[in-house]
């Protein structure tokens, strides 16, 4: 895995802190902002849009961080991302795979890309994470910082 701790790493937190655990992506970025060793760029998004394909063209590495409603035991998942060339246009949002495909097809840029999902439990209209999501965030941050600073190898 490439070194993720440099200026050409872009981490995009997706979510909404006003919808409880949907704010996990933003919460991870807020914690990374406090780490003076991190050299990359942090971007907050409510949702991904076509314009984000242009945004990632200058990056060597892109990580999309978002909450998910998992059914299994995994509290987080970090995976390499492959482009998805087919999509339906929606005014709501696009998947990270589609943003990556657009970046490649429109701009001929090929950043390494990953998804980092953190398990959430509630998406009600309320500011703040649930207690369970806070615990997941802490565990996810510990794992993610090891990846960023090169202390762990990613497992597929």
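Things to note:
- Scanning segment 1-34 for residues that are touching a residue at least 60 places away in the same chain (Cβ under 8 Å), in a loop (DSSP other than H, G, I, E, B) and either within 17 Å of the chain's Cα centre (by Cα) or surrounded by 20 or more Cβ atoms within 10 Å (Cβ to Cβ) (or both) gives 1, 2, 3, 4, 5, 17.
- Filter result for residue 80 (surrounded by 16 or more Cβ atoms within 10 Å (Cβ to Cβ), closer than 18 Å to residue 11 by Cβ and modelled with pLDDT of 95 or more): no
- Residue within segment 6-29 that is more than 30 Å from residue 130 (Cα to Cα) and modelled with pLDDT of 95 or more present: yes
- Yes/no for residue 55 being at pLDDT 95 or above, more than 13 Å from the chain's Cα centre (by Cα), part of a helix (DSSP H, G or I) and surrounded by 18 or more Cβ atoms within 10 Å (Cβ to Cβ): yes
The values are calculated or read from the model by the stated rules, or taken from the named source; none is laboratory data. Keep in mind it's a predicted model, so treat the numbers as computed, not measured. Glycine also receives a Cβ, built like all others from the backbone with ideal geometry; neighbour counts cover every protein chain displayed.
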